[in-house]
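**Student:** After the structure tokens below, expect a handful of questions from me.
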Amino acid sequence: MNVGIVGYGVYIPRYRIRLDDIAKVWGEDPFRVKQSLMVEEKSVPAPDEDTATISVESARNAVRRARINPQDIGAVYVGSESHPYAVKPTATIVAEAIEATPNLTAADMEFACKAGTAGIQACAGLVEMGQIKYGISIGADTAQAAPGDALEYTAAAGGGAVIIGKNDGEALAEIEGTYSYTTDTPDFWRREMRPYPKHGGRFTGKPAYFKHVVSAAHGILRQLKLTPQDFTHAVFHQPNGKFPYQVAEELGFSKAQITCGLVVPKIGNTYSGSTMIGLAAVLDKAKPGDRILVVSYGSGAGSDAFSIRVKEAIEEKRDLAPKVEQFLNDKIYIDYSTYAKYKGLLVR
């Protein structure tokens with residue numbers, strides 16, 4: 001492949017709710033819940049925030065870091081399972097907000113939590129073909145969960161954007177290759193007009209998340225003839241804090257290799273934003289020459305794997321926009337009643 005990452009950006013809402021406060025409302029043991037999920041708190045969107053606003057902020061930060069003319073962006077893809085409109089693209093809102101319109105293609109993508117990485121692949125293909133100069137893919141969500149459901153402890157909000165261009169001097173990282181693994185595995189779903197998703201409980205683990213993440217990771221390693229020891233960092237989709245550690249161990253990666261990109265303990269599962277934010281957290285600290293394995297996961301089910309090699313341009317670009325750590329530290333705690341109001345759980 002002759003494509004690279006020329007910019008990236010994230011946005012995480014500043015409101016947080018501790019898992020202790022959610023557990024107490026439903027009569028659960030907070031210690032047991034946190035120990036099981038390895039999550040301490042999660043991000044909550046403000047009443048005036050949705051997938052569109054999160055996507056716009058992520059994209060603006062990516063453009064700042066890329067230092068490119070938005071008019072050179074030829075494709076905008078927004079991956080989410082919580083688009084604010086059933087019929088009306090989020091991607092056009094983003095394109096207009098970053099002043100990339102009108103000479104571009106734009107579309108919304110949906111594949112549960114991996115729609116953002118699917119957009120990266122689409123952008124890479126268009127850049128590789130010479131159809132566009134730059135493409136931006138965004139993964140963002142304001143995840144929904146029924147009150148009292150197990151998902152409520154982790155369903156969070158946030159997003160990340162990646163700008164793809166040629167692998168030249170302005171690229172801060174090279175995409176060495178990508179590999180996908182997909183099957184029809186209904187572990188998580190939401191029917192039309194239904195406010196909250198349903199899930200297969202423990203079925204979402206071994207036959208869903210682990211099978212697809214492991215298979216995609218093995219695929220990219222075989223394709224590029226690499227081993228876990230060839231990577232400095234690894235980023236796996238983060239539905240909770242426990243799964244990434246388990247899949248890393250199964251694949252032969254150490255805890256140290258996944259620590260840098262593990263953000264779920266502090267913000268929860270941002271769904272389509274999860275892998276994108278994890279990658280951004282690594283790029284915020286990675287050194288030129290570091291190789292990063294990135295594997296997303298989307299229920300339904302599939303995984304996209306990437307091998308990414310950090311380049312010299314990272315040193316001059318990473319400080320041009322807010323880093324993940326800044327968003328992690330900029331937070332305001334709210335109680336469950338405020339959380340319920342902000343999430344629209346209270347119906348008049």
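**Student:** How far is helix 115-129 tilted, in degrees, relative to the longest principal axis of the Cα atoms in the chain, given as a value from 0 to 90 rounded to the nearest 10?
**Tutor:** That works out to roughly 10 degrees.
**Student:** What are the trypsin sites (Lys or Arg not before Pro) within the range 215-279 that DSSP puts in a loop, where the Cβ has at most 10 other Cβ atoms within 10 Å?
**Tutor:** Passing sites in the range 215-279 are K225.
**Student:** Now for a different question. Treating the beta-carbon of each Lys and Arg as +1 and of each Asp and Glu as -1, no other charges, what is the dipole magnitude of the chain about its Cα centre, to the nearest 20 debye? Please list the in-between numbers first.
**Tutor:** On the way: 39 positive and 40 negative charges, 103 e Å.
So the magnitude is around 500 debye.
**Student:** Could you give the semi-axes, largest first, of the ellipsoid that matches the chain, computed as the square roots of 5 times the alpha carbon gyration tensor eigenvalues and rounded to whole Å?
**Tutor:** Output for the chain: semi-axes of 29, 23, 19 Å.
**Student:** Among DSSP beta bridges lying fully in the chain, give the percent that are antiparallel, nearest 5.
**Tutor:** Details: 41 of 60 bridges.
About 70 percent, rounded to the nearest 5.
**Student:** Mean-square fluctuation check for the chain, GNM, Cα pairs under 10 Å: which of V295, V282, V33 is largest?
**Tutor:** Highest fluctuation of the listed residues: V33.
**Student:** With the other protein chains left in place, how much accessible area per residue, in square angstrom, belongs to the chain at a 1.4 angstrom probe?
**Tutor:** Result: 41 Å² of accessible area for each residue.
**Student:** Once you have a ≥ b ≥ c as the square roots of the Cα gyration tensor eigenvalues for the range 206-348, tell me rounded if a/c is under 1.5, and otherwise prolate or oblate according to whether a/b is larger than b/c.
**Tutor:** Oblate shape, in that a/c is at least 1.5 and b/c is the bigger or equal ratio.
**Student:** Also, I was wondering about something else. Sorting M109, M1, M129 by accessible area (1.4 Å probe), largest first, what list results?
**Tutor:** Highest to lowest solvent-accessible surface, that is M129, M1, M109.
**Student:** On to the next question. Could you work out the mean projected area of the convex hull around the alpha carbons of the range 293-346, in square nanometres to one decimal?
**Tutor:** 7.0
**Student:** Rounded to the nearest 500, what is the chain's calculated 222 nm mean residue ellipticity when only DSSP H runs of at least 4 contribute -39500 (n - 2.57) each, over all residues?
**Tutor:** When only DSSP H runs of four or more count, the value is -9000 deg cm²/dmol.
**Student:** Could you give the length gained by full extension between R222 and K198, i.e. 0.36 nm per residue of separation minus their alpha carbon distance, to one decimal place?
**Tutor:** Stretched fully, the R222-K198 segment lengthens by 5.2 nm.
**Student:** Moving to a separate point now. Keeping the other protein chains in place, figure out the carbon and sulfur percent of the accessible area of the range 1-47, with a 1.4 Å probe.
**Tutor:** That share works out to 48 percent.
**Student:** Just R291, R16, R67 to compare: in a GNM of the chain, with alpha carbon springs under 10 Å, which one fluctuates most?
**Tutor:** R67
**Student:** Could you tell me whether the range 1-127 comes out rounded, prolate or oblate from its Cα gyration tensor? Rule is a ≥ b ≥ c as square roots of the eigenvalues, rounded for a/c under 1.5, then prolate if a/b exceeds b/c, otherwise oblate.
**Tutor:** It is prolate, given that a/c is not under 1.5 and a/b is the larger ratio.
**Student:** Same structure again: Using 20 Å as the Cα-Cα cut-off, could you pick out the over-long pairs in K24/K114; K198/K343; K166/K311; K42/K343; K206/K343; K242/K266?
**Tutor:** Exceeds cut-off: K24/K114; K206/K343.
**Student:** Can you sort E99, E41 by 1.4 Å-probe accessible area, starting with the largest?
**Tutor:** Largest to smallest exposure gives the sequence E99, E41.
**Student:** Can I ask one more? At what distance in angstrom do the alpha carbon centres of the range 195-265 and the range 147-191 lie from each other?
**Tutor:** A separation of 12 Å, based on Cα centres.
**Student:** Rounded, prolate or oblate, given the Cα gyration tensor of the range 82-123, with a/c below 1.5 counting as rounded? Walk me through the numbers before you get to the answer.
**Tutor:** Working: a/c = 2.40, a/b = 1.29, b/c = 1.85.
Oblate, since a/c reaches 1.5 and b/c is not below a/b.
**Student:** Sticking with this structure for a sec: What do you reckon, how do K133, K211 stack up by accessible area (1.4 Å probe), largest on top?
**Tutor:** Values: K133 110, K211 90 Å².
Greatest to least solvent exposure: K133, K211.
**Student:** Ignoring any ligand, DNA or RNA, what whole percent of the accessible area of the range 79-182 comes from carbon and sulfur when the probe is 1.4 angstrom?
**Tutor:** 52
**Student:** Hey, another quick one. Provide the gained length on full extension for the span K287 to T105, in nm with one decimal, where the gain is 0.36 nm per separating residue minus the Cα-Cα distance. Don't jump to the answer; show the numbers that get you there.
**Tutor:** Working: separation 182, 0.36 × 182 = 65.52 nm, distance 3.35 nm.
That works out to 62.2 nm of additional length.
**Student:** Let me ask something additional. Of the candidates G165, G298, G219, which one comes out as most mobile in a Gaussian network treatment of the chain with C-alpha springs shorter than 10 Å?
**Tutor:** Of G165, G298, G219, the Gaussian network model singles out G219 as fluctuating most.
The values are calculated or read from the model by the stated rules, or taken from the named source; none is laboratory data. Because the structure is predicted, anything quoted here is derived from the model rather than measured. So basically every Cβ, Gly included, is an ideal-geometry build from the backbone, and we count neighbours across all protein chains shown. The accessibility values were calculated without ligands, DNA or RNA, using every heavy atom of the protein model including side chains. Shrake-Rupley method; radii C 1.70, N 1.55, O 1.52, S 1.80 Å.
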